[in-house]
Amino acid sequence: MKMKFAFLMLLLLLGFVRSDGVIIPIHHEDQYPLILNHYVTVTIDDTYARTRVEQEFRNEGYRDLEGVYMFPVPGGGIRDVKLIVDGKTLEGTLLGSNEAKKTYQQYVIDRKDASLLEYVGRDAFSSSIVLPRGKTVKVVITYEQIIRSSGGLYSYMYPLSPERYSTKPIDPVNITISISAPGNLGFIYSPTHNITVQRYGEGKALASYYEEKVLPDKDFQLYYGVSNREYDVKLLAQKSNESGYFLLFIYPSIVNQSAIPKDVVFLIDTSGSMEGTKLDQAKRALGYGLDKLKSQDRFDIISFSNSIKTYSSTLQGTGSVAGAKAYVNDLDAEGSTNLKDPISSAVGLFQNDSRMHIVVLLTDGRDTTGHSNAEIMNMLKMKNENFKIFVFGVGDDADFELLDKLANEFGDGIPTYIKSEADLEITLKSFYDRIATPLLSDVQLIITPSSAPVVCEAGSTACVDVEGAVSVYDLLPRRIPDIFLGTQLVVAGRYSGYGDATVRLKGTINGTEKEIDYNINFPQTSTNNFVERTWALRKVGYLLDQITLEGETPGLKQEVTALATRYGIPTPYTSYLVKSPEGTEVRRDMDLVPMAANIGGGVFGVTNAYKATSSMAEMTSQASGTKVIGDKTFVSVGGTWVDTACGNSNPTKTVSFGSDDYISLVSNEQTANYLSVGDSALLCSAGGVIRITPPATGQSPPVTGITQEPLDTSYIVIPVAALLVLFTVFITLSILRKAPGKEPNDAGVYRALSSDTRMEIMNTLLEGERTPTDISSKLNKSKATIVEHLDKLREADLVEKIEVDGRKWVFYKLTPRGKSIVKKGG
C-alpha cells in the first residue's frame, strides 16, 4: 500500500495539463455520470482571458452516486466557483497541488482506469458530492488567466478531453471565444477542432466550435496572429531532434488592399442526372455567386448536357447580373454529358491580359459523348491563356480521375467533392465567398536562411543545407494557390538546423510583380505535436495522388506505407500485424472506409482531404481504433494498443498494470505520459519495448512483435463497403480474380468500383437474379439510372444479362468474377 501511495504521489508531480471538470465515483463499481451538455464562453482582451464553464451531469446508475467533482485549475487563477445541485449551491474547496494529490490517490489503482493518469499534477477545485439516482447536477465555473503570447502569436487552451468519461454522447458541446486583439487580427487556427470564424473589423473576431452528440477526446486549442503589416505571417513548429516540422500561416490582415479584377465563367451541368434537388441548389448558389462579383469583374455562364448553351458568348459586366439570374432560373435538366466543349468554350473567352481568369466547373457525371479524358487534357494544354479551373464533383458518379487531373494541372490542386446533394448549395456559396476578392496571383514562396544567400522555393523537395543555418525542405502544397481576401494559406514543411530566416512572398497584382519580406524564426526545440502529424497527412495525400494519377512504383508504395503506418493514417497500404507466442497472427488493416463514408469522391476524395488538411480536426475523424498521445500514435490491434514507433521490435519487458514495475514506469517522465492509452499496450521508450498487461487476470496474450507491411490481400477479408473507396487501379488489380478464359477489363472494373450505386447493385444481385425494376424498387432509384449502371457493370464483366425465350422480363445476375469480388467484400 505504501508503494501505491508513493506511486500516486509521483503521478501528481508529473504536471499533466488537462483540466476540464469530471465527477469521479468513489466506489469503483459505479459508472461515471452522464454529461448532458457543455457550454464554454471565453472573452479574450489582449492577453487577458476570462472563461465561463457550464456543465450538467446526471446519475443514470442504479443507486445514489458518491463522488468527487474535480476541476484541475489552469494557469492564471480561478474565481467565482459555483456548484449547483438540485437548485442548491454547494461550497467547494480550492486545493493546492499537495492537497489535491490526497484526493486523487484512491482512484487510479482502485478504479483500474489508466486514463485517469491525465488528471494529476495541478491545483484543483474539489467538492464532495452525492448525486441521487436520476438527478441532475449543474456546475458553473468562471476563471481568468493570462494567455501565452510571443511575437504577435497568441494561444489559448481549454481542456476538453475529460468529457469522454460521460456514459453517453454530450449534446451539445459548444465553445465560443470572443477575441479583441491589440492590432489587426491575422490567421485564426485550431489544430484540434473544426471552428467557424466571424470577423468584425480589423481587430475583433468570434471563433466557435459546436457539435452535437459527441464524446470529445482531445483538448481544445486555438492559435491566432496579430500584425500591423499587409500580411500576417506566423510559424508553428515541432522539433525535438535534428529534423523539425513546421506550419507557416499567411493571412492578408489589412482589408483595404487593392483587389485584382477577375473574369469568371460558370460551367453548370444540366444533364438529366442533375434533375431535382441538385440542379435547384446549383442554380441558387450560382445566383449567389453572381451577387458576389465586384464592379470591375466580368462573367459568362455556360450550361451543358450533350451540347452547350451560353448566356452571352462574351464576357459581361455586372450590369447584366439580373438578366443572367433569369437565364439561370430557366435552366432544365435533360440529355447526356459533354465535358470537353464547355471547358474549351470557357477558356476561349479569356484574353491575354492582367485580369484573373477563373473557370468554375460543376458536374455530377463523366463525358458520355465520346470525348476521352486524354483528349480533354490535351486540348487544355494547347491553350495559351492563363486561367485557373476550380472543379466540383457531385455524388458518386462524377469522373473523379478527370476532375483530379484538371485541379492538379490547371487549378489549385484540390478539387471539391460533394457526397450529399444537400451540401451542394452551402459548399458553393462558401467557395464564392472565398474567391470574391483576389489579392495576389501567381504566388511564389521563398524561404531564405538569414545567414546565407541560399533559397528554398515552395515546390522544391529539398534545399542545399547551409552549415549553421536553417534548411527547409519537403514543402506542401507543391503549388502555392492564389491569395484571396479572408482566406489563410497554410504551408507545411520540414527543416533542419535552426535560426532566423526570411520569408519572401512573391506574386502579381494587375500584371505588376510584388514582393514582401517577413522575418521568422525556426526554433531549436519546440513542442507542437500536431504539426508533425499534419505534415504527414499532407505528405501521404500527395503521394497517393501521384500513385493514383501516374501509377504505382515501389518507391512511392514504400514511402506511403512507412508514413501511413507510423502515423496511423488510413490508406490502401496501412496494415499492422501482432504475433502471440503461440504464433497466432492478428492483423489490423486501416482502410479508408470510415472516412470515405463521409467524403465524396471515394479514394480521390480522401486523398484530397489529406492534401488540403491544415490540422487533424479537418479530417472526418482519426481512424477508428487510433489514439494520438503527445508525439506518439497508438493503433488497436487485437485489443492491444500498439505504439507504431515500435516497428517490428520484440518486447524486452512485460509489466502488469498496477504492479511495482508499473509504478516505476510512471516515475519515468519519458513513459508516464503515454500510459493513459489503456491497460493493454505495447510501448516503445528509452527503457525498451514494454508490454503492459491488464490488471488482475492479465489474460491478454503477450505481444512478441509488430510488423509494418503492405496489405496482404491473399487472406484478408475486406468489407463490401471497402470496395467503394479502394477502387484505384493499384488496389483493384490486387483483389480481383480473373474469370476463367478471360482477361480483366481493367478500365471497366476501375469505373465500376468507383460508384456507390454500382456496388449497391452488385450486393443486391448477390442475393440472386433480379430485374431492373426489382433493383430500382429496392435501392429507391429510377429504372433508367439502374439500367445505365448495369450497362457499366456488364462492360466490366461483373454482371451478365439474361434473356430467355418465353420469359417476359429481362434479368441480371453476377458473373463468377463479379460474385468473387462481392464475396471477398462480405
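For this structure, a couple of remarks:
- Filtering the range 497-522 to residues that are buried (at least 18 other Cβ atoms within 10 Å of the Cβ) and farther than 16 Å from Gln444 by Cβ leaves Gly497, Tyr498, Ile520, Phe522.
- Residue satisfying condition, being in contact with a His (Cβ under 6 Å, 6 or more places away or on another chain), at pLDDT below 85 and open to solvent by 40 Å² or more (accessible area, probe 1.4 Å), within set Asp110, Asp123: Asp110
- Flag if Ser128 is among the polar types (S, T, N, Q), more than 20 Å from Arg50 (Cα to Cα), at pLDDT below 75 and open to solvent by 10 Å² or more (accessible area, probe 1.4 Å): no
- Looking across the range 382-423, the residues that are aliphatic (A, V, I, L, M), more than 19 Å from the chain's Cα centre (by Cα) and surrounded by 20 or more Cβ atoms within 10 Å (Cβ to Cβ) come down to Ile389, Val391, Val394, Ala398, Leu402, Leu403, Leu406, Ala407.
- Residue list for the range 312-326, filter: open to solvent by 50 Å² or more (accessible area, probe 1.4 Å) and within 38 Å of the chain's Cα centre (by Cα): Lys325
- Close Cβ contacts (under 6 Å, 6 or more residues apart or on different chains) running from residues in the range 37-52 that are at positive phi to residues that are of a type in the set (D, E, K, R) and open to solvent by 70 Å² or more (accessible area, probe 1.4 Å) are absent.
- Under the condition of being modelled with pLDDT of 90 or more and not in a helix (DSSP H, G or I), the residues counted in the range 373-389 number 3.
- Candidate set: the range 211-221, residues that are in a strand (DSSP E or B) and touching a residue at least 40 places away in the same chain (Cβ under 8 Å); chosen: the one most open to solvent (accessible area, probe 1.4 Å): Gln221
Table: residues versus (1) more than 28 Å from the chain's Cα centre (by Cα); (2) of a type in the set (Lys, Arg); (3) open to solvent by 40 Å² or more (accessible area, probe 1.4 Å); (4) at pLDDT below 85.
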position: Lys4; (1), (2), (3), (4): yes, yes, yes, yes
position: Val17; (1), (2), (3), (4): no, no, yes, yes
position: Gly21; (1), (2), (3), (4): no, no, no, yes
position: Tyr39; (1), (2), (3), (4): no, no, yes, no
position: Val42; (1), (2), (3), (4): no, no, no, no
position: Val53; (1), (2), (3), (4): no, no, no, no
position: Asn59; (1), (2), (3), (4): yes, no, no, no
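- Strands (runs of 3 or more DSSP E) completely within the range 475-532 that count 1 or more residues being closer than 26 Å to Arg199 by Cα and under 22 Å from the mean Cα position of the chain (by Cα): 489-496
- Of the residues Ile250, Ile260, the single one that is among the β-branched types (Val, Ile, Thr) and either surrounded by fewer than 18 Cβ atoms within 10 Å (Cβ to Cβ) or assigned to a strand (DSSP E or B) (or both) is Ile250.
- The range 222-240 - residue that is open to solvent by 50 Å² or more (accessible area, probe 1.4 Å) and farther than 20 Å from Leu445 by Cβ and, of those, modelled with the highest pLDDT: Ser240
- In the range 228-238, the count of residues that are assigned to a strand (DSSP E or B) and of a type in the set (Asp, Glu) is one or more.
- Looking only at the range 617-647, and only at residues there that are at pLDDT below 75 and open to solvent by 30 Å² or more (accessible area, probe 1.4 Å), the one that is nearest to Gly678 (Cα to Cα): Gly638
- In the range 195-209, residue modelled with the highest pLDDT [restricted to those that are within 17 Å of the chain's Cα centre (by Cα) and surrounded by 15 or more Cβ atoms within 10 Å (Cβ to Cβ)]: Tyr209
- Close contacts from the range 544-570, counting a first residue that is in contact (Cβ under 8 Å) with a residue 40 or more places away in the chain and a second that is of a type in the set (Asp, Glu) and surrounded by fewer than 19 Cβ atoms within 10 Å (Cβ to Cβ), with Cβ to Cβ under 9 Å and a gap of 6+ residues or different chains, come to Thr548/Glu401; Leu549/Glu401; Thr561/Glu709; Thr565/Glu709.
- For first residues located in the range 641-663 and farther than 30 Å from Leu563 by Cα and assigned to a loop (DSSP other than H, G, I, E, B), partners that are open to solvent by 10 Å² or more (accessible area, probe 1.4 Å) and at pLDDT below 80 and lie 6+ apart or on another chain with Cβ distances below 6 Å form the pairs Phe657/Pro695; Gly658/Ile109; Gly658/Pro695.
- Contact annotation: residue pairs with Cβ atoms under 6 Å, 6 or more positions apart or on different chains, pairing a residue in the range 191-210 that is touching a residue at least 24 places away in the same chain (Cβ under 8 Å) with a partner that is open to solvent by 80 Å² or more (accessible area, probe 1.4 Å), are Ala205/Arg199; Leu206/Gln198; Ser208/Thr196.
The values are calculated or read from the model by the stated rules, or taken from the named source; none is laboratory data. Remember, predicted model here, so these are calculated numbers, not experimental data. So basically every Cβ, Gly included, is an ideal-geometry build from the backbone, and we count neighbours across all protein chains shown. SASA here: full protein model, heavy atoms, side chains in, ligands and nucleic acids out. Shrake-Rupley method; radii C 1.70, N 1.55, O 1.52, S 1.80 Å.
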